[in-house]
Structure formats: structure tokens, C-alpha cells
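Novice: Take a look at this one; I'll ask things after.
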Amino acid sequence: MTEVLNPATETTITEVAGHSVESTKDAIGRAADAFAKWRATSAAERAELLRSFARAVDADIDNLARLEVAEAGHTIGNARGEAANVRDVLNYFAGGVERHLGDQIPVAGGVDITFHEPLGVVGIIVPWNFPMPIAGWGFAPALAAGNTVVLKPAELTPLTAIRLGELAVESGIPEDVFQVLPGRGSVVGQTFTDDPRVAKIVFTGSTEVGEKILVDSAKTMKRTTLELGGKSANIVFADADLEKAAATAPYGVFDNAGQDCCARSRILVEESVFDRFLELLEPAVKGVKVTDPAQEDAEMGPLISAGHLQTVSGFLEGVDVAFTGQAPSGAGYWLAPSVVLPRTPRDRIVTEEVFGPVVTVQRFRDEAEAIAMANDSHYGLSGSIWTRDIGRGLRAARGVETGALSVNSHSAVRYSTPFGGFKRSGIGRELGPHAMDSFTETKNVFIAT
Ligand code: TAP
């Protein structure tokens, strides 16, 4: 049994039994057996079952959100949005089932057509930072495309996934088509990766574990989608709306206490406005409301665990902290948002993913240097560009080597648009109009006439 803790209070919420290698293999076997029937459901029926699942999630949003606040420390406002995101992503891919079209390709001597064939059993491995949306981004398109799913939530945050598994059954998704298997990564997750009956792994988490999954998956030639770390840049040009750029910068990095692979954790500012930007940033950071995440006005909650708090705090040792925001004292894994002025571009705090409420601010001379600095990372997931010159905004957006960028905004993730990383931030794309393709094989059939 594993204790599930509330990171805001350090109290135990409940205990959850983890699966063993044997029970994981049994579940994979049942998912493999369920595949033939699930893939044979008509497109209309599968779409309706996903819509039914979406309605069940919708009716349970407050409960799911409360679970997320309790186990992950998410603010209640964000947690409601995350539950609603699962509903929306189910509806979006329900709409895709009947529109996942093949091609008819002109050839000599007959007719050539393509089919999108489902893969079989898809194993989804979810981290603790966004337990609900990340689960939904995997299982909704996987199920829509006709696959069965086994899903492993993070040990620290299994409760919303377990509830989603119950809601799937209550809404009519057939038995064993969608199974949630709590347990350890090294047991349940590793078994997904090793078992030849799992056709694809969707993994979100650390680059280190992602690399291991990629290597281990090769042994059975599994398809993989990997969403890994990030160290994204928020580039502020001198001609930007500086007030807006500074006011929003904290929300581009401190959302979810910075435990966000898309966190814009490196702010790069054109040197002519560097001092002014810092002046504007200070009150914005100090104004972030860090408090009990169940409070309606909370803007940032605690870190996920004592161990993670220690890791993030370690990054702040021996660095120049320009200023910090506030955080509660007492029980809970609290850390005030911190703004750091690095001494060199190779400082660990500039190059490594902190995954906490810490941001660095550096200066650049011109557009070319801004792009070079943004790209000076082995990650490439997200980023923002602030400028009033739309030509420069687009040039910089094309120049920055990341998968999801925004200009004059920090919003780059939507269920209807593709999401994923360049370089060591991952492989493949989730969400958007083409996501179901990555849960199918393309089959080409020629019929002689
Ligand atoms: P990971 O250790 O990568 O865990 C992510 C998921 O993978 C968890 O469900 C974990 O299980 C599972 N896992 C662990 N070892 C596995 C294995 N050998 N085979 C299959 N699955 C395995 O990440 P973490 O400990 O949660 O966080 C560590 C760091 O990763 C963070 O500080 C951050 O830098 C990064 N991270 C990035 C993201 C995103 S969205 N890119 C998300 C979370 C973390 P258990 O933990 O339950 O055992």
C-alpha cells in the first residue's frame, strides 16, 4: 500500500494498493483480449461511448477537482479547468472517430486505398504534475482510434485516474477497454514497456526515464510518444507592451508552482529595457497569491513532495536571488516564487530543468542573440515572444527550436492544436487534428480492376 499525501497539509488522504508485475501482465492480457471487440465497434457507437464518458466526467468535475487539489496541490480554479479539459478532449476525439479518413490514391490498374488500423494495447504512463489532462491526452485519442488502454498514474497522484477509470465503466465503456493500474514506475510502467503485447507507450515525465523507455521499447519495436522536460524561454523585446509582459511573466512560469514542462523558466530581456522590466516584474511576483490551494483566490499551491521541495531548494543555494514572492509557513511543501539573476549562461540554474517556482532573468543585445540564447538548451518544448513587431514575432517564432510557442501570450496548449517537443523534450505530438494518426498504422490496399 502507498500513502497518498496532501502536499498542502502533509496529511494522509488515503492508501492505494499498487499492482505487481503479475497483476499488470494479467491486465495487459485482458486489454489484449478486449481489443478485437472494441476495434470492431462501429465508428458511431465508439464516438457515442466517448461522449457518454465525457458527460460522466462533466457531471463529476467538482469531485475530480477536489481530488486534484488534495493529492496534487493544484489550485481549485486550475483543477476544475483540468477536469473540464478531460471532458473536452473526450468530446474532441469523439468527433474524430467518424472523420478519421483514409485516402484513395490514383494508381494504374486498379484502386488503391489506405486504412488507419488501431495498434492494439496502448500503455500510458502519467506523471504527477498534471495527472488529469496528461492522462486524457493519451487515452482519448487512443480509445477513439480503436485501441484498448492500460494507464499507470504516478504513485504520488493516483486518485483522479482511479476515478476516471470508474467513470469510464459507469458511462458504458466496455470492461477491460480502459484499465487504470496504480503502482510503481519500476514495476507497472516497466512491465508495460517490456510486455510484447503492448503496442505503444505514451510517456510523460523526466527525460531520464523517457530515454530508458525508448531504449527498452526498441526491444519489441513499440511505437512511442514521449513528452519530457523543458527549459523554455520567454523573450521580451524592447518594443513589447512591457507592462503586460511583466504582469503575465509570473503566470508563464509559476503556474502549478513551476511544476510544468512548459514553464517559461528563462526570461530573456532586451538590454535597453532590462532594468525597467525587472522593476515591473518585482510587484507582479510579490503579488502572486500563494496559499491553501482549496481557496478560490489561490494562484499557486505547494510543491508536490518533501523530496521535490528539497531538490528545488537545492537549485537556490549559492545563486543571486533578485527578489522573491511570499509563501505560507508551517505544514506543507511551500516555496516562495524566486527570481534569480544568473552569473553565467552555463550556471546550472540556467541549463537544468528546476521544475519549481524559480525563474532566471538574462539580458540580450539583439534578435539574433535572443534566438541563440533561447536555443542554447538541449530541451525544446515551449516558449513565448513579446514584441509589437509582428514580423519579428514570426521570425523569432520560426527561429526558436521548440514545439509550442506563443506571441504576446503564454498560452500555447489547446486540445485542438498539436503539442510536443523538439530535441530532448520528446518525440511525437499529442492533441490536435492529427493525434489519432499516432495511435494507428497506415495500411495500404491495392485492388486490381
Ligand atoms: P519520472 O520519474 O519520469 O516519472 C514519471 C512517470 O514515470 C511516473 O508515473 C513514474 O512512476 C513512471 N516511471 C518511473 N520509472 C519508470 C520506469 N522505469 N518505467 C516506466 N515508468 C516509470 O518523473 P518524476 O519523478 O515524476 O519527476 C522527476 C522530474 O521529471 C521532475 O523533477 C521534472 O524535471 C520531470 N518531469 C517532467 C514532466 C513533464 S510534463 N515533462 C512531468 C513530471 C516530471 P512513479 O513515480 O509512480 O514510480
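A short reminder: the numbers here are calculations on the coordinates, not readings from a lab. The structure displayed is predicted, hence computed values, not measured ones. For neighbour counting, all protein chains shown are included, and Cβ atoms are generated from backbone atoms with ideal geometry for every residue, glycine included.
Novice: Check residue 426 against each of (1) surrounded by 21 or more Cβ atoms within 10 Å (Cβ to Cβ); (2) small (Gly, Ala, Ser); (3) closer than 22 Å to residue 92 by Cα and name the one condition it does not meet.
Specialist: Residue 426 satisfies every listed condition except (3).
Novice: Here's a follow-up. Considering only segment 61-81, state which residues are over 19 Å from the mean Cα position of the chain (by Cα) and buried (at least 21 other Cβ atoms within 10 Å of the Cβ).
Specialist: Here is the first cut: in segment 61-81, the ones over 19 Å from the mean Cα position of the chain (by Cα) are 61-63, 66, 70.
Answer for segment 61-81, where residues must be over 19 Å from the mean Cα position of the chain (by Cα) and buried (at least 21 other Cβ atoms within 10 Å of the Cβ): just 70.
Novice: What residue, of 115, 130, is at negative phi, buried (at least 24 other Cβ atoms within 10 Å of the Cβ) and among the aromatic types (Phe, Trp, Tyr)?
Specialist: Of 115, 130, the one residue that is at negative phi, buried (at least 24 other Cβ atoms within 10 Å of the Cβ) and among the aromatic types (Phe, Trp, Tyr) is 130.
Novice: Would you mind listing the strands (runs of 3 or more DSSP E) fully within segment 174-242 where at least 3 residues are within 12 Å of the ligand (Cβ to nearest atom)?
Specialist: The qualifying strands (runs of 3 or more DSSP E) are 198-204, 223-227.
Novice: Filtering segment 243-262 down to residues that are within 16 Å of the ligand (Cβ to nearest atom) and aliphatic (A, V, I, L, M), which residue is farthest from residue 303 (Cα to Cα)? Let's see the steps before the verdict.
Specialist: Just the residues of segment 243-262 that are within 16 Å of the ligand (Cβ to nearest atom), to begin with: 252-262.
Keeping just the survivors that are aliphatic (A, V, I, L, M) gives 253, 257.
Details: 253: 14, 257: 6 Å.
Per the criteria, the residue is 253.
Novice: Same structure again: Please indicate, with yes or no, whether at least one residue in segment 438-448 is part of a loop (DSSP other than H, G, I, E, B), touching a residue at least 24 places away in the same chain (Cβ under 8 Å), under 23 Å from residue 224 (Cβ atoms) and in contact with a strand residue (DSSP E or B) (Cβ under 8 Å, 6 or more places away or on another chain).
Specialist: Looking through segment 438-448, none of the residues is part of a loop (DSSP other than H, G, I, E, B), touching a residue at least 24 places away in the same chain (Cβ under 8 Å), under 23 Å from residue 224 (Cβ atoms) and in contact with a strand residue (DSSP E or B) (Cβ under 8 Å, 6 or more places away or on another chain).
Novice: Also, quick follow-up: Of the conditions (1) under 30 Å from residue 102 (Cα atoms); (2) within 16 Å of the ligand (Cβ to nearest atom); (3) among the small types (Gly, Ala, Ser), residue 171 fails just one. Which one is it?
Specialist: Unmet for residue 171, out of (1) under 30 Å from residue 102 (Cα atoms); (2) within 16 Å of the ligand (Cβ to nearest atom); (3) among the small types (Gly, Ala, Ser): (2).
Novice: Is there any pair linking a residue in segment 301-316 that is closer than 18 Å to residue 291 by Cβ to one that is among the small types (Gly, Ala, Ser) and within 12 Å of the ligand (Cβ to nearest atom), with Cβ under 7 Å and at least six apart or on different chains, and which?
Specialist: Once the first residue is closer than 18 Å to residue 291 by Cβ and sits in segment 301-316, its partners that are among the small types (Gly, Ala, Ser) and within 12 Å of the ligand (Cβ to nearest atom) give 301/257; 302/257; 303/257; 303/356; 304/72.
Novice: Something else: Would you mind stating whether residue 162 is of a type in the set (A, V, I, L, M, F, W, C) and either surrounded by 21 or more Cβ atoms within 10 Å (Cβ to Cβ) or touching a Leu at 6+ places or on another chain (Cβ under 7 Å) (or both)?
Specialist: No; evaluated as a whole, the condition is false for this residue.
Novice: Conditions: (1) surrounded by fewer than 24 Cβ atoms within 10 Å (Cβ to Cβ); (2) away from the ligand (no atom under 15 Å from the Cβ); (3) under 26 Å from residue 417 (Cα atoms); (4) within 20 Å of the chain's Cα centre (by Cα). Residue 141 meets all but one. Number of the miss?
Specialist: So the condition that residue 141 fails would be (1).
Novice: Only one of 422, 355, 439, 446 is among the aromatic types (Phe, Trp, Tyr) and within 29 Å of residue 323 (Cβ to Cβ); which?
Specialist: Testing whether each residue is among the aromatic types (Phe, Trp, Tyr) and within 29 Å of residue 323 (Cβ to Cβ) leaves just 355.
Novice: Also, quick follow-up: If residue 395 satisfies every condition in (1) in contact with a Pro (Cβ under 9 Å, 6 or more places away or on another chain); (2) away from the ligand (no atom under 16 Å from the Cβ) but one, which is the exception?
Specialist: (1)
Novice: Kindly provide the set of residues from segment 138-181 that are among the polar types (S, T, N, Q) and closer than 18 Å to residue 24 by Cα, ordered by number.
Specialist: Result: 147, 148, 179.
Novice: Residue by residue through segment 303-314, note down the ones that are touching a Ser or Thr at 6+ places or on another chain (Cβ under 9 Å) and away from the ligand (no atom under 12 Å from the Cβ).
Specialist: The answer is none; no residue qualifies.
Novice: Within segment 263-278, count every residue that is among the aliphatic types (A, V, I, L, M), over 21 Å from residue 300 (Cβ atoms) and assigned to a strand (DSSP E or B).
Specialist: 2
Novice: May I ask you to say which residue of 428, 420 is within 18 Å of residue 260 (Cα to Cα) and either within 16 Å of the ligand (Cβ to nearest atom) or aromatic (Phe, Trp, Tyr) (or both)?
Specialist: That would be 420, the only listed residue that is within 18 Å of residue 260 (Cα to Cα) and either within 16 Å of the ligand (Cβ to nearest atom) or aromatic (Phe, Trp, Tyr) (or both).
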